[in-house]
Each structure stands twice: as structure tokens, then as C-alpha cells.
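One structure is given below, encoded as C-alpha cells.
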């Protein structure tokens, strides 16, 4: 089986598939595979999580937007599910700053002022649209996604990873503890502190942080957000209610340590431990 350590030694070889049993993680290589990822996103976001589909999405049963056309799509595939083509059971959308045209912008810019990032003299990677099929929501599939992201970061020499991470529901008052905990303990430093757009800004400091129970707050956070935090991630200033997707979003930022090869094994270990 390929490992991150052996894979990453040759950037010129591109992104190679990583395997874990019947599951593999790799980039989509065809329109058919991208549509399979969009279909999975539709099932998870709209059929399972209660998001509100547009007329087009309802007709096609695909979660698709303009960003899909320029992004890379990380896939977890089950090689045992089909004789014709592996089944897509997990996905993550990856959008690098160098893939954007002069008139393009990141998805996150619809919710946050990210000028502190776009002015940053380094390579950016926006991550989003993460989901895993219900029957595959185990350590194995999520670990493969993290390993895939780590490889992608290394191969493309990414400096900062960022994106919107979601808490379920559109009532911030029901998330007072979680949002306050994130703001009080994990607010990004000023140089990386993106801020929710004024018309969408929801304050995160919603209760007295000294009264919060750490274990209780962490137990309420989605596993994906906890994974980012365990990697040393930060949150931006302000939450955003996304009525369409039935979520309350926070901006997540992780400054990569993968530029220097000597940090690579260390970072791989941190990624693995993030799911413990």
C-alpha cells in the first residue's frame, strides 16, 4: 500500500491513489466521476440533512455550482462496489488560488471578507462540500480524506488551507456554547482573521466563556470541525447562517507546515491523530 511518506517524495508524479483495504482516495479524472460526487453531495445535503434544493438541483438531483468547474474533486471510492467503476462514497472539493482566473473568486467570499487571505503572499487552498455516504462514516473513510488532503497540500506547496465548516441548524441561539467556545479559544490571529460580511455577521461571543465546560462544548462540535482544531486550526470572526443548506457556518483556517519536507512525517502523524 502506498503511504503519504512514499507518495510525497515525487511531486512531479502528480496525485496518486492511496489505498486502505477496498477504499481508495484520489482525484476525479472525468466528468462522470465529478457527477458521481455531485450526486453524493445531493443525497447527503438535501435528502439527509434537510438543505433546500434549487429547481435545477431538484431536477438533476445533483449538488452543482460554478466552482465545481474549476476545482479539483477528492474522492473516496469503494473498489468492491462495482465491476464497471468504483463507487464514490466520499468527497471533498479542493480549490487552489492558482486555479482562479482574474474574475474568479472563492466560494467563501460569499460569506466572509477574505481579503486578508487573498492579499497573503502564498498559496491558498479552499476546502468544502465535504461529505461521506452514511454507511461509510467510519474512521477509515475520514482518515483517507485527511490523508488525501495532506498529500494534495504537500504536492501543491499550499501555505494556508481555509473554508466554511458547518454546524447543523439555522438557530445560532441554540449554539451559544459551541460558538462562544470556538471564538474564545480558537480565534485566528489578526493576519489570518477573516470576518463575516456585515450583512451576514452573527456574533460568536454569545455567553460568558468562563462558565463553559470544555468537554461539553467539544462534544457538541461536528467531527470535521474538531479535526481542524486538532490540527491547530483557527476560526474567523463571526458565524453565518446558510438557510439553503440548513446550517450555521464558521470560517476555518489552518496554516500548513508542509512546505518543508522535514515536517511532512510530523504532519502526517497529526492528521492521523486528529481522528482519535
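Filtering the range 189-214 down to residues that are closer than 23 Å to residue 124 by Cα and touching a helix residue (DSSP H, G or I) at 6+ places or on another chain (Cβ under 9 Å), which residue is surrounded by the most Cβ atoms within 10 Å (Cβ to Cβ)?
The selected residue is 194.
Every residue in the range 147-188 that is in a loop (DSSP other than H, G, I, E, B) and closer than 18 Å to residue 209 by Cβ, please.
188, the sole residue that qualifies.
Matching residues to (1) closer than 16 Å to residue 166 by Cβ; (2) touching a strand residue (DSSP E or B) at 6+ places or on another chain (Cβ under 7 Å):
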residue	(1), (2)
52	yes, no
55	no, no
72	no, yes
81	no, yes
87	no, yes
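Give 64, 87 a once-over and let me know the one that is at negative phi, surrounded by 13 or more Cβ atoms within 10 Å (Cβ to Cβ), under 22 Å from the mean Cα position of the chain (by Cα) and at pLDDT 95 or above.
Residue meeting the stated conditions: 64.
What number of residues within the range 197-219 satisfy the criterion of being within 30 Å of residue 54 (Cβ to Cβ) and out of contact with any strand residue (DSSP E or B) (no Cβ under 8 Å at 6 or more places or on another chain)?
The total comes to 2.
For the range 97-111, which positions are buried (at least 17 other Cβ atoms within 10 Å of the Cβ) and more than 19 Å from residue 158 (Cβ to Cβ)?
Answer for the range 97-111, where residues must be buried (at least 17 other Cβ atoms within 10 Å of the Cβ) and more than 19 Å from residue 158 (Cβ to Cβ): just 111.
When residues of the range 112-129 are filtered for being within 18 Å of residue 156 (Cβ to Cβ) and surrounded by fewer than 23 Cβ atoms within 10 Å (Cβ to Cβ), how many remain?
Total satisfying the criteria: 7.
Looking at 200, 123, 139, 214, which is the one that is more than 16 Å from residue 241 (Cα to Cα) and in contact (Cβ under 8 Å) with a residue 60 or more places away in the chain?
139
State all residues of the range 234-267 that are modelled with pLDDT of 90 or more, touching a helix residue (DSSP H, G or I) at 6+ places or on another chain (Cβ under 9 Å) and outside any strand (DSSP E or B); if no residue qualifies, say none.
Listed by number, the residues that qualify are 245, 246.
Out of all the residues in the range 121-131, is one or more in a helix (DSSP H, G or I) and in contact with a helix residue (DSSP H, G or I) (Cβ under 8 Å, 6 or more places away or on another chain)?
No, because not a single residue in the range 121-131 is in a helix (DSSP H, G or I) and in contact with a helix residue (DSSP H, G or I) (Cβ under 8 Å, 6 or more places away or on another chain).
For the range 17-40, indicate whether the set of residues that are assigned to a loop (DSSP other than H, G, I, E, B), closer than 23 Å to residue 247 by Cβ and at pLDDT 85 or above is non-empty.
So far as the range 17-40 goes, no, none of its residues is assigned to a loop (DSSP other than H, G, I, E, B), closer than 23 Å to residue 247 by Cβ and at pLDDT 85 or above.
The values are calculated or read from the model by the stated rules, or taken from the named source; none is laboratory data. The structure presented is a predicted model; accordingly, all values stated were derived computationally and were not measured. Every residue, glycine as well, gets a Cβ built from its backbone with ideal geometry; the counts of neighbours run over all protein chains shown.
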